[in-house]
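So the structure is just underneath, and the comments pick up after that.
The values are calculated or read from the model by the stated rules, or taken from the named source; none is laboratory data. Since the structure is predicted, the reported quantities are computational estimates derived from the model, not experimental observations. Don't worry about glycine lacking a Cβ; one is built from the backbone with ideal geometry, like all the others, and counts go over all protein chains shown. To get the accessible areas, we keep the full protein, side chains included, count just its heavy atoms, and leave off ligands, DNA and RNA. Shrake-Rupley method; radii C 1.70, N 1.55, O 1.52, S 1.80 Å.
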Amino acid sequence: MRRALSTTAAVVLTSSLLAAAPAVAGSSHVDTTRLTKAVTVNGQLKTLRQLQVVADRNGGNRASGLPGYDASADYVAAELEKAGYKVTRQTFTFPFSRDLEPATLTQTAPAARTIETAAFDYSGSGDVTGAVTPIAVAIPPGDAGSTTSGCSADDFPAAGSAPAVALVQRGTCDFGLKAANAEAAGYDAVIIFNEGQDGRQELLTGTLGAPAGIPVVGVSYADGKALAETAGATVRVTARTEVDLQRQTSNIIADLPGRTKNPDQVVVVGAHLDSVAEGPGINDNGTGTAGTLEIAKQLAKTGLAKKAQRPVRFAFWGAEEKGLLGAYHYVEALSDAQRAKIYANLNFDMIGSPNFARFVYDGDGSSDGNAGPAGSAEIEKVFTDYFGAKRLATAPTAFDGRSDYGPFIEVGIPAGGLFSGAEGVKTAEEAALFGGTAGEAYDSCYHQACDDITNLSTTSIDQLGDAAAHAVATLVLSKKGLYGDQARRTSAGAAKKLSAPTSTGHALTR
């Protein structure tokens, strides 16, 4: 899962403690217990341990464009082939970037101090010592997202001949535009600090979306404010990055041979396979990968696939951490006829967070008004009904297209899924509902080297893994489907080129 906004889940909580009516028409006739019992924690842990071995042997990560991802893809493909699936590797080119060394930021005058920082994706390399120039900053800030610092070329005074560092503030426009404006004005490095409202104060990280020719790093609101208010501040910025616009990676796509009664209603079940370059990504998204793989294996092993009313396709996406690029490539490459056959998409991105919550994608938009395409509400209800019957609380999480379901909902395909939380902080109300510790992150190792095999909750894997299996079985085995008439009502039209994502996969771009 790409870098998230500080609070990913919606603030509105729903208990879902009482069993409700079946979500899918006719789903009361679908017995999913055979699959949920077959999908075990031990089965998922087997995959997670193997992914850890892969990372250990490949520089500590499984990032797309690096050997650890290729080894992860080989493992998943081999497991699927052994289970009887027809496996396709869908190769694509993507813009790759990573830090070769951690970025650094040091204030050298008027007093020396070290400032916590991180390079933005696609930052240039360099070692720059220069005076800091605040660019139209707003201290204190107004409403979230309203600060226009660096969004106009007119914001930047001429940099002059001496090395100069632009200090800009998050808000309004993309980080890439701020950096490009600074570079065009002659600045040698850029510091982008968080905007300052609740949820916009921590160390800022994100993506520029395209390569920059100068170092671009992020800092917290407090550190940015201090620099802006320090007369005569001088800093040293260092970054050493690798950028390759023609790097290749792949999606792993698996179909189980066999006939179904509704061959034109394909259920696509997906999880991203890649990690960030900073760590092995065992929770993000080894857990989604392991759960999805185990469901695929057990669906075949139990023989339930022979009762399928519609085809199921399992997808393991590449380059999600660079902006959902694998899922976008898949959807964009579909013909009109192929796209029309996709009945629904289920997405599982982080389902084993140590301080977990049971978040369900808000398909009906009840928490923030952002509903998914027709059918997404029914998919959400599949999950909430399941948890309700188990007397387990749930909460909606924003259905904003920031994981691999995003490309599907853009073209009108209904989607849904589960999420156990990333770097957002668990509230007291959430702790009362889900257990765990209030005031701490759902996953304190999110996008770090410590996201390893020790960074898991087996309870979360158990509960969310079973719910995922239930949803897959329900959509695939239900005779009447989502609507009761075997027809997906959708506003999706002919295949079209998708717009470039501006804030996807939890990638912070503005």
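Data table
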| quantity | calculated |
| --- | --- |
| Fully extended contour minus Cα-Cα distance, from Arg391 to Asp198, at 0.36 nm per residue | 66.2 nm |
| Cubic angstrom per residue, convex hull over Cα atoms of the stretch 308-407 | 135 Å³ |
| Dipole magnitude of the chain, debye to nearest 20 (Cβ charges: Lys/Arg +1, Asp/Glu -1, about Cα centre) | 2140 debye |
| Alpha-carbon centroids, the stretch 221-280 and the stretch 87-125: separation in whole Å | 13 Å |
| Percentage relative contact order, the chain, counting C-alpha pairs under 8 Å, at least six apart | 25 percent |
| Listed residue (Ala239, Gly288, Ile253) projecting farthest to the positive dipole end of the stretch 181-294, Cβ model | Ile253 |
| In Hz, Karplus ³J(HN,Hα) per residue of the stretch 199-214 (6.51, -1.76, 1.60; θ = phi - 60°; x = Gly, Pro) | x, 10, 10, 6, 3, 8, 10, x, 10, 8, x, 7, x, 9, x, 10 |
| Computed FRET value (nearest 0.05) for Glu116 with Lys46, which takes r as the C-beta separation and R₀ as 45 Å | 0.75 |
| Furthest towards positive pole of dipole, Gln338, Ile409, Leu45, structure part the chain, Cβ charges | Gln338 |
| Approximate spin-label separation Val53-Lys480, in nm, with each point projected 7 Å along Cα-to-Cβ | 4.7 nm |
| Structure-based [θ]222 nm, the chain - -39500 (n - 2.57) summed over DSSP H runs of at least 4, per residue, nearest 500 | -7500 deg cm²/dmol |
| Computed log₁₀ I(q)/I(0) - Debye formula, equal Cα scatterers, no solvent, the stretch 330-377, q 0.24 Å⁻¹ | -0.98 |
| Folded to 0 to 90 degrees: helix 458-477 orientation relative to the chain principal axis, Cα | 50 degrees |
| Using alpha-carbon coordinates, inclination of helix 175-184 to the longest axis of the chain, degrees | 30 degrees |
| Prolate/oblate/rounded call for the stretch 384-435, Cα gyration tensor, a/c under 1.5 rounded | oblate |
| Share antiparallel - DSSP beta bridges, the chain, percent rounded to 5 | 55 percent |
| Rough spin-label spacing in nm, given labels placed 7 Å along Cα→Cβ, for Ala226 and Asp462 | 4.5 nm |
| Order by protection proxy (mean Cβ within 10 Å, highest first), peptides 333-343, 247-257, 311-321 | 311-321, 247-257, 333-343 |
| Cα long-axis angle, helix 288-301 against the chain (0 to 90 degrees, to the nearest 10) | 20 degrees |
| Projected label distance in nm at Ala371 and Asn262, using a 7 Å step from Cα toward the beta-carbon | 2.0 nm |
| Contour minus Cα-Cα distance for Leu334 and Asp244 (0.36 nm per residue) | 29.8 nm |
| Rg/Rg_ref, the chain, where Rg_ref = 2.2 N^0.38 Å and atoms are Cα | 0.98 |
| Rounded FRET efficiency, nearest 0.05, which uses the C-beta distance separating Ala136 from Ala449 and R0 of 45 Å | 0.80 |
| Debye, to nearest 20: dipole size of the stretch 136-234, +1 on Lys, Arg Cβ, -1 on Asp, Glu Cβ | 80 debye |
| Cα-based equivalent ellipsoid, the stretch 323-466: semi-axes from gyration tensor eigenvalues, Å | 27, 18, 13 |
| Surface per residue (accessible, 1.4 Å probe) for the stretch 122-246, Å² | 38 Å² |
| Two-decimal Rg to Rh for the stretch 153-199 - Kirkwood Rh, Cα set | 1.00 |
